Amino acid sequence: MAGTSSFVKKLSNSVKKVSESKSSSWWYNHHMRAASRAISQRIPLVDFVLEVRDARIPVSSQYGQLRYFPSSSRNIIILNKMDLASHSKTKEWMAYFKEQNCIPYAVNSHNKDNIKEFLNFLQAKVRDLRRNTHFSNTQTTTVMIVGIPNVGKSAFANSLHQIGRITAAEKGKLKQAKVSPHPGETKDITSLKIASHPNVYILDTPGILPTEIVDIERSSKLALTGAIADSLFDQPELAQYFLSILNLSHEYKRWEKISGESELDEKEDRTMNDHTQDLVVRAVRRALFEEISAFKGNLEDEKDMVQLIEAQFTTLRKVFNVNSDSFEAANSIVATKLINLYRTGRLGHYTLDSLQGM
């Protein structure tokens with residue numbers, strides 16, 4: 001989209017600099033290299049591979065290492081974070097993957113009912129495998145979870161482990177995979193039991209990025225969704241990219257009914273430093289709706305888009321009650337809060353990858 005191209009270029013240039021830097025301690029570091037080798041060695045030995053992707057970027061979050069292995073009915077694409085993506089777009093992507101003879105499954109790792117449904121689905125696959133092969137009743141089924149950083153692999157693994165242990169009525173302290181909002185936190189392959197009779201274990205693996213990302217759109221989407229560490233980017237650049245997407249979407253139109261609400265009173269104003277409060281989120285939505293609705297420029301024109309985003313930052317500094325002598329510091333605070341609201345779904349549900357051209 002023309003209105004987002006300048007922001008895409010900024011982010012992709014940042015990604016390129018980091019990926020090409022020999023001194024980078026984060027991009028494809030020694031942990032990723034070692035994990036990449038270990039995963040490649042184990043994939044042929046496991047019974048199922050669950051490739052976890054971010055439902056907001058079903059193609060951009062593809063795990064590249066799997067292209068070296070033949071596709072089979074034992075590979076399942078997990079579209080995680082479905083609660084953060086467009087529901088209608090997720091259904092379209094599910095249909096697309098099925099047309100490609102893939103097995104897709106959309107999940108929200110934090111929804112117990114959803115995880116129970118998937119566990120039943122997986123156990124049915126395990127039973128089919130055991131009927132059609134020479135498994136003995138005592139053999140263990142192994143399932144490897146793979147994916148790029150921060151698509152929710154460990155949260156998904158823990159949810160399967162917890163639901164599976166409860167279903168199997170197994171007691172004792174739960175062994176959990178480490179979960180973090182920051183990419184690259186999982187360093188080792190962790191084994192967790194998710195079913196008994198027969199035993200089923202999942203292997204949670206570290207997130208692996210490719211050694212380089214050539215596609216500038218993809219690198220920007222990975223940055224925005226958190227697959228690449230935030231510390232590598234200027235936060236206002238990320239926020240500007242998100243606002244360009246929001247401004248060209250129809251999501252903001254859902255907030256029309258709150259646009260006429262009264263301003264915050266003095267008591268409410270004191271809560272504005274906590275951007276996670278529902279009151280603050282509503283104020284952010286109202287402010288963004290009013291700024292976009294009142295704008296008379298052409299959002300397909302980059303200069304006009306920049307003008308609108310600058311106005312939105314000015315308004316959001318007031319909404320978030322940000323007071324700073326430094327213009328740059330104030331914008332950084334606003335950007336960090338705005339990106340957090342986007343990533344937690346408080347500012348709408350966006351699927352950034354498009355089926356057009358697939």
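Filtering region 319-334 to residues that are in a helix (DSSP H, G or I) and either surrounded by 13 or more Cβ atoms within 10 Å (Cβ to Cβ) or touching a Phe, Trp or Tyr at 6+ places or on another chain (Cβ under 8 Å) (or both) leaves Val319, Ala330, Asn331, Ser332, Ile333, Val334.
For (1) of a type in the set (D, E, K, R); (2) modelled with pLDDT under 85, each residue gets a yes or a no:
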| site | (1), (2) |
| --- | --- |
| Ser231 | no, yes |
| Gln235 | no, no |
| Ile245 | no, no |
| Ser249 | no, no |
| Tyr252 | no, no |
| Trp255 | no, no |
| Glu263 | yes, yes |
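Out of Glu302, Glu291, one residue alone is under 18 Å from Trp255 (Cβ atoms) and among the charged types (D, E, K, R). It is Glu291.
The residues of region 283-325 that are polar (S, T, N, Q) and out of contact with any helix residue (DSSP H, G or I) (no Cβ under 6 Å at 6 or more places or on another chain), listed by number, are Ser293, Gln307, Thr314, Asn321, Asn323. Checked against the criterion of being under 20 Å from Glu237 (Cβ atoms), touching a residue at least 24 places away in the same chain (Cβ under 8 Å) and assigned to a loop (DSSP other than H, G, I, E, B), the candidates Leu341, Leu352, Leu288 yield just one match: Leu352. The one condition from (1) assigned to a helix (DSSP H, G or I); (2) without any contact (Cβ under 8 Å) to a residue 24 or more places away in the chain that Ser293 does not meet is (2). Taking region 116-159 as the range and being closer than 16 Å to Ile76 by Cβ, crowded, with 23+ Cβ neighbours inside 10 Å and β-branched (Val, Ile, Thr) as the test, the residues that pass are Val143, Ile145, Val146, Val151.
The single condition among (1) at pLDDT 90 or above; (2) of a type in the set (D, E, K, R); (3) surrounded by fewer than 14 Cβ atoms within 10 Å (Cβ to Cβ) that Asp269 does not meet is (1). Remark: pairs (first residue in region 317-338, closer than 21 Å to Ile245 by Cβ; second residue in a helix (DSSP H, G or I) and of a type outside the set (A, V, I, L, M, F, W, C); Cβ separation under 6 Å; 6+ apart in sequence or on different chains) = Phe320/Lys337; Asn331/Pro236; Ser332/Gln235; Val334/Arg317; Ala335/Gln235; Ala335/Pro236; Thr336/Gln235.
The values are calculated or read from the model by the stated rules, or taken from the named source; none is laboratory data. Predicted model, so just to flag it, every value in this text is computed and none were measured. A quick note on method: Cβ atoms are made from the backbone with ideal geometry, for glycine too, and the neighbour counts reach across all protein chains shown.
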